[in-house]
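Here the structure is laid out as structure tokens; the discussion comes afterwards.
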Amino acid sequence: MPRERSTDTAEFKLQAVRMATGPKPAVAEVARRLGVGENPLRTWTKAFEERGGGASPGHGGPTPADDEPRRLRAVNARLRVGRDLLEKAATYLASTPV
């Protein structure tokens, strides 16, 4: 049976990264102690090294910088639908006799 997906808070992830990058324990030991996989812990560590404290906001969601392109694509899609509708209306109105 597949394991239930967990969502960890940013505070938990930050604390786990601090433990994993500390002087004593290895990543595998910290992962075992906290009950998380080694790969997510390594991913969190890499993200915190690259982006600092804002690397993992909330429950594993994307950062605001990562979310911006998705939001802009959604706005772009809505604008295209509106443009296409206006083009069809203009074509219809231009072709109907007055």
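The numbers here are math on the coordinates, done by the rules we state, and not lab data. Note that the coordinates shown come from a computational prediction; the quantities given were computed from them, not determined experimentally.
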Length gained when the stretch LEU72-LYS88 is fully extended (0.36 nm per residue, less Cα-Cα span): 3.3 nm
Once fully extended, how much extra length lies between LEU14 and VAL98, figured as 0.36 nm per residue of separation less the alpha-carbon to alpha-carbon distance? 23.4 nm
